[in-house]
Amino acid sequence: MNPNGIFTPKAKQTARNQYLANLRLQQANIDYNLNANRIYNETQQISRPNDTRTAEERLADIESLRQFVRESLDFTGNAGNIVNELDTSELQYVAQNINRVITDIKDRFAIGVTTGKMNSRPITTIIRRLKQEDENSAQIDSGIQVSVEKINNQRQTKEKPTKIEQDEPAAAPKGNNPLTKEMLESPLFKRKKEIVDKDTKETDERKRIVTELIRLGYYKDGRGANGKTIGQLKEILQEKNVEFADAFVGKVEPSGRGLKKKPKNIIMGCGLAKPKVKVTPENIDTTLGIQPVKSYVPLGRYLLNKTKLSDNVLMIKHIKGGAVGQLPTIHISNKLVGVLKHLITSQLPPDFDSLNGLDDKEKKLLHKIAKSTEILERFSIPNPNLTQEQQDINRFEILRGMMNAGSDSKELVKEFKLLLLKLMNAGKIPRREGQEILTDFIALGY
């Protein structure tokens, strides 16, 4: 910071702010390097910032994908040649399925891959084969989904499928994803088709059982059967009517309407009448009885909850009911409770024996309460920290004079700063004045 160009108070303030900003920036850089070195010494790994980009943005960064794939396939010895032979789509596939690719490569080359450009071709062949298998599987799943949707549409419209549709295992979907003959004959497609056919058969059987139970009066509608399996529904049907259960499995022709559902025992009525007592202001005699005790009493500029005080709890509120920040609700001893009750009942200062029975912490709290509620001058409650505070103020004035005289001792400067912060926190020195003193010290290089 060059003081030669400073001629006005505004320029002085600007230069001071710039100097403080530079100090904060330097301190932030020092903390960042310190934390990075500490993490590296503990983990032996370089800390890097988190990648907040989306998946689409990271897949579009081809150079980062090349570096990631090259580092992941470094064990092959041909990572550079492998990455150079892959196109964009193949590179994105390897990055998304790197664990599967590494597993297949290690299974193919148990001992290891020899180095050389020509030896990268088997690995690229494995990658292209895996990519083609995933694409074929996706096409098969799409074809099965279209077939299931077509079957459901036929059931909804109650149209009978044609002979061609009955003979074909699944119709090829329209669009850019046709099912080839090899895909239709593959074991994966046949297995998935068996699963779809089994689910369709179970769905039809479930509908027939639920329809029969509704006809027998067991359910009012199909919603009552939700959450029950086919086996449970069959057991219900057998218990309801064995004849209809046999007819359902094809043994006996159904006849009749089954057993009538037994009505449940329902208790009617509203029970015994409950007596009602009406309380109105007209039937209350306010001249007799006991009135409730008021909870709060004035304590200076605030209110003291004497009900809580009887339970050894100090609770002081504002006049409008808000909490006092500098006097939180805390638990206090019986001795301090006695002193506070003496203040609010007799409105006289506490005697010497009552104050002498308090410990140092309770004496400080009592002085703080009296000062915050603005009753300190009325009751003359002594301050136990007065001697120490006076010593700190005297030491501060001595150090301040030594600093003004030109002393540059680091120990004295450190002691002066700590004492200044202590007096600022205690409210003995205004914060604005203390900040100006610290700013001047920083400008001088201390």
Residue in the stretch 59-66 that is without any contact (Cβ under 8 Å) to a residue 40 or more places away in the chain, surrounded by 14 or more Cβ atoms within 10 Å (Cβ to Cβ) and aliphatic (A, V, I, L, M) present: yes
Would the stretch 393-404 turn up any residue that is in contact (Cβ under 8 Å) with a residue 60 or more places away in the chain and assigned to a helix (DSSP H, G or I)? no
For the structure I just gave you, tell me whether Pro254 is over 30 Å from Ile316 (Cβ atoms), surrounded by 12 or more Cβ atoms within 10 Å (Cβ to Cβ), outside the structural domain of His342 (by TED's automatic domain parsing) and modelled with pLDDT under 70. yes
So, in the stretch 330-350, of the ones that are in contact with a helix residue (DSSP H, G or I) (Cβ under 8 Å, 6 or more places away or on another chain) and not in a helix (DSSP H, G or I), which residue ends up surrounded by the fewest Cβ atoms within 10 Å (Cβ to Cβ)? Leu348
Given the conditions (1) of a type in the set (Gly, Ala, Ser); (2) part of a helix (DSSP H, G or I); (3) in contact with a strand residue (DSSP E or B) (Cβ under 9 Å, 6 or more places away or on another chain), every one holds for Ala370 apart from (3)
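Yes or no, residue by residue, for (1) over 17 Å from Leu20 (Cα atoms); (2) of a type in the set (Lys, Arg); (3) not in a helix (DSSP H, G or I); (4) not assigned by TED's automatic domain parsing to the domain that holds Asn22:
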residue	(1), (2), (3), (4)
Ser407	yes, no, yes, yes
Glu415	yes, no, no, yes
Lys422	yes, yes, no, yes
Glu436	no, no, no, yes
Looking at the structure I just gave you, is Leu365 without any contact (Cβ under 8 Å) to a residue 60 or more places away in the chain, closer than 27 Å to Lys422 by Cα, among the aliphatic types (A, V, I, L, M) and not in a loop (DSSP other than H, G, I, E, B)? yes
Which listed residue, of Ile46, Ile127, Ile105, is among the β-branched types (Val, Ile, Thr) and either in contact with a strand residue (DSSP E or B) (Cβ under 9 Å, 6 or more places away or on another chain) or modelled with pLDDT of 85 or more (or both): Ile127
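The values are calculated or read from the model by the stated rules, or taken from the named source; none is laboratory data. Just so it is clear, the structure is predicted and the values come from calculations on it, not from any experiment. All Cβ positions, even for glycine, are placed from backbone atoms using ideal geometry, and neighbour counts span all protein chains on display.
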